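Structure first, then comments.
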Amino acid sequence: MEEAVLLKVSPQGIATVTLNRGELHNALDDKMVELLTATLQTLAEDDSIRAVILTGEGISFSAGHDSAWMRRLTDFDEAQLRRDAQRLSTLLETLDHLPKPTIARVQGSAFGIGAALVACCDVSISVAEALFCFSDVKLGIIPALAAPYIVRAIGPRAARRYFVTAERINAGKARRLGLIHQTVENDELDDAVAHMCRQLLLNGPHAMIAAKQLIRDIEHHDIGPEVIALTVDRIVALRRSEEGQEGVKAFLEMRKPGWID
């Protein structure tokens with residue numbers, strides 16, 4: 001039996017993580033969730049990894065919950081349901097907090113938790129024919145675990161509409177809402193992702209990690225003395241760092257910095 005999650009790392013340190021249940025539209029079950037979480041945690045700790053691409057095998061990025069898993073959930077007691085929800089929540093948090101730059105290569109439709117995986121990535125590039133949906137209310141439940149990431153991506157007003165209507169959202173509308181950054185035709189997807197990877201490889205690895213952390217640290221705070229002091233501390237630390245000094249020297253000397261091969 002093939003692994004539900006595949007990992008491939010390029011010589012440049014680009015890790016491609018592929019959801020590999022194409023025959024089931026890459027729907028997630030508990031085992032796949034654990035494997036994907038473990039894979040992402042390993043990549044987070046690997047200093048050789050420069051960026052992570054998340055994609056799917058087959059015609060769908062991810063259809064969300066696996067139906068067989070949902071069937072098992074109907075027999076769970078409260079404690080089991082809570083543990084199961086925590087497991088899935090940990091996956092989303094792991095991807096969202098991954099220190100390395102992340103790219104969602106959305107080669108097909110993404111529903112529910114699948115769309116939340118897209119929202120957790122730093123950059124999302126989708127084929128034009130992809131659809132997105134939060135159909136939980138049709139089952140008498142809500143997209144609770146996906147909600148923090150989707151609301152952040154598209155805003156509460158749009159989330160109110162699509163959470164309660166369960167309408168399907170095409171890729172163009174998803175881009176206008178902010179869930180997707182770029183839409184391309186099927187035959188342009190790999191080139192678009194490769195272009196983004198080349199852009200990331202030009203940048204200081206530690207600086208990109210620090211940039212992501214900075215956003216997390218200030219996004220929910222008003223601009224005031226504490227935030228201003230934090231930003232001053234961060235820029236001073238980065239300017240004094242080995243990478244920061246190398247980057248500035250390379251610019252002034254009109255040469256490539258050491259992190260570019």
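The values are calculated or read from the model by the stated rules, or taken from the named source; none is laboratory data. These numbers were taken from a predicted model, which means no experiment stands behind them. Every residue, glycine as well, gets a Cβ built from its backbone with ideal geometry; the counts of neighbours run over all protein chains shown. Side chains are part of the model used for accessible areas, which takes the heavy atoms of the whole protein and leaves out ligands, DNA and RNA. Shrake-Rupley method; radii C 1.70, N 1.55, O 1.52, S 1.80 Å.
Among all the aspartates and glutamates, which ones have a C-alpha under 18 Å from Lys256's C-alpha, if same-chain residues fewer than 8 places away are not counted?
Within the straight-line limit of under 18 Å, Lys256 reaches these aspartates and glutamates: Glu242, Glu243, Glu246.
Using Cα pairs under 8 angstrom and six or more residues apart, how large is the relative contact order of the range 154-248, in percent? Numbers along the way, then the final one.
Working: 24 pairs, mean separation 19.4, N = 95.
20 percent.
Using 0.36 nm per residue, how much length does the chain from Asp30 to Leu73 gain when fully extended, once their Cα-Cα distance is taken away?
On the way: separation 43, 0.36 × 43 = 15.48 nm, distance 1.05 nm.
Fully extending the segment from Asp30 to Leu73 adds 14.4 nm.
Can you give me the relative contact order of the range 1-142 as a percent, contacts being Cα pairs under 8 Å and 6 or more apart? Mind showing how you got there, number by number?
Working: 259 pairs, mean separation 34.0, N = 142.
Answer for the range 1-142 is 24 percent.
Length gain on complete extension for the stretch Glu45 to Glu242, per 0.36 nm per residue less the alpha carbon to alpha carbon distance? It would help to have the intermediate numbers written out before the result.
Values: separation 197, 0.36 × 197 = 70.92 nm, distance 2.01 nm.
Using 0.36 nm per residue and subtracting the Cα-Cα distance, I get 68.9 nm.
Students often get this wrong, so check it: of Lys8/Lys31; Lys31/Lys173; Lys173/Lys212; Lys8/Lys138; Lys138/Lys173, which have C-alpha atoms separated by over 28 Å?
Values: Lys8/Lys31 20 Å; Lys31/Lys173 33 Å; Lys173/Lys212 26 Å; Lys8/Lys138 37 Å; Lys138/Lys173 22 Å.
Going by Cα-Cα distance, Lys31/Lys173; Lys8/Lys138 fall outside the 28 Å limit.
Rounded to the nearest 20 Debye, what is the dipole magnitude of the range 204-253 about its Cα centre when Lys and Arg each give +1 and Asp and Glu each give -1 at the C-beta? Write out the running numbers ahead of the final one.
Details: 6 positive and 9 negative charges, 17 e Å.
For this selection, approximately 80 debye.
With charges only on Cβ, +1 for K and R and -1 for D and E, what is the dipole size of the chain about its Cα centre, in debye, rounded to 20? Intermediate results must be reported in sequence, preceding the final value.
Working: 29 positive and 36 negative charges, 151 e Å.
Dipole size: approximately 720 debye.
On the protein heavy atoms, probe 1.4 angstrom, tell me the percent of accessible surface of the chain carried by carbon and sulfur.
Working: 8000 of 14560 Å².
Heavy-atom surface of the chain belonging to carbon and sulfur, 1.4 Å probe: 55 percent.
Consider the candidate values (1) 153; (2) 138; (3) 184; state which one is volume of the Cα convex hull per residue in Å³ computed from the structure displayed.
After the calculation, the listed value that fits is (1).
State, to one decimal in nm, how far the label point of Leu81 lies from the label point of Glu253, with both points 7 Å from Cα in the Cβ direction.
Label at Leu81, label at Glu253, 6.3 nm between them.
Over the chain, with the other protein chains present, what is the accessible area per residue in square angstrom, probe 1.4 angstrom? Don't skip to the end; give the middle numbers.
Working: 14560 Å² over 261 residues.
Per-residue accessible area for the chain comes out at 56 Å².
Once you keep just the Cα pairs under 8 angstrom separated by 6 or more residues, what percentage relative contact order results for the chain?
Working: 416 pairs, mean separation 38.5, N = 261.
Relative contact order comes out at 15 percent.
Counting Lys and Arg as +1 and Asp and Glu as -1, what is the net charge of the other residues whose Cβ lies under 10 Å from the Cβ of Ala128?
Values: positive: Arg175; negative: Glu129, Glu185, Glu188.
Charge balance in the 10 Å sphere: -2.
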